[in-house]
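The values are calculated or read from the model by the stated rules, or taken from the named source; none is laboratory data. From a predicted model like this one, the values you see are computed outputs, not experimental measurements. Here Cβ is always computed from backbone atoms with ideal geometry, including for glycine, and neighbour counts include all displayed protein chains.
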Amino acid sequence: MDASRDIRAAVYEELRVDPLVDTDDIEVTMLGGDVSLNGTVPSQAQCSEATVAAHRVGGVTTVHNLLDVALPSQYWGDDKALAQFANQALAANDAVPEGIRASARDGNLILSGMVSSPSERVAAENAAAGTGGVLSVINEIVVKSGR
């Protein structure tokens with residue numbers, strides 16, 4: 001077995017054991033130390049986590065994330081349900097202050113509200129992105145200036 005095949009197998013195994021990544025529709029290809037991830041995942045958060053997982057494997061020099069986010073069938077066309085799930089995720093996250101809201105349009109979340117720090121803005125975006133079925137997050141949260 002050549003080194004490329006070993007690395008490819010190790011990347012796939014790392015993806016498979018990562019509880020934050022659904023590998024059902026992911027294909028891993030290798031060229032030298034370059035890994036390409038192809039296929040679909042159900043959320044933007046899983047897309048990002050797949051890249052992080054692949055980078056954890058020794059011998060990987062570059063990860064080309066070509067994954068598409070595909071809404072699970074139960075969410076297709078149901079922006080109301082998607083926004084509801086995103087708002088639940090925001091409310092459950094202690095790093096996200098009250099008053100941050102998510103609305104949805106065509107599978108894309110739009111975040112609004114005001115926060116005290118950039119880290120709270122990022123925490124809200126990360127919480128929303130982890131909602132299953134999110135295609136993208138448009139972060140319109142305003143950071144209050146300290147003046």
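Some observations on this one:
- Annotation: of all residues in segment 107-126 being touching a helix residue (DSSP H, G or I) at 6+ places or on another chain (Cβ under 7 Å) and farther than 12 Å from residue 43 by Cβ, the one that is surrounded by the most Cβ atoms within 10 Å (Cβ to Cβ) is 124.
- Residue check, residue 102 touching a strand residue (DSSP E or B) at 6+ places or on another chain (Cβ under 8 Å) and under 27 Å from residue 40 (Cα atoms): yes
- Qualifying residue in segment 111-131 (condition: touching a residue at least 60 places away in the same chain (Cβ under 8 Å), part of a loop (DSSP other than H, G, I, E, B) and within 16 Å of the chain's Cα centre (by Cα)): yes
- Any chance residue 134 is closer than 30 Å to residue 33 by Cα, in contact with a strand residue (DSSP E or B) (Cβ under 9 Å, 6 or more places away or on another chain) and part of a loop (DSSP other than H, G, I, E, B): no
- Residues that are over 17 Å from the mean Cα position of the chain (by Cα) and within 24 Å of residue 130 (Cα to Cα) were ranked within segment 12-34; the one that is surrounded by the fewest Cβ atoms within 10 Å (Cβ to Cβ) is 27.
Yes or no, residue by residue, for (1) touching a strand residue (DSSP E or B) at 6+ places or on another chain (Cβ under 7 Å); (2) hydrophobic (A, V, I, L, M, F, W, C):
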position: 47; (1), (2): yes, yes
position: 56; (1), (2): no, no
position: 60; (1), (2): yes, yes
position: 63; (1), (2): yes, yes
position: 67; (1), (2): yes, yes
position: 87; (1), (2): yes, no
position: 91; (1), (2): no, yes
position: 96; (1), (2): no, yes
position: 108; (1), (2): yes, no
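- Flag for residue 121 being among the basic types (Lys, Arg), over 17 Å from residue 22 (Cβ atoms) and outside the structural domain of residue 20 (by TED's automatic domain parsing): yes
- So residue 82, is it at pLDDT below 95, crowded, with 20+ Cβ neighbours inside 10 Å and over 22 Å from residue 144 (Cβ atoms): yes
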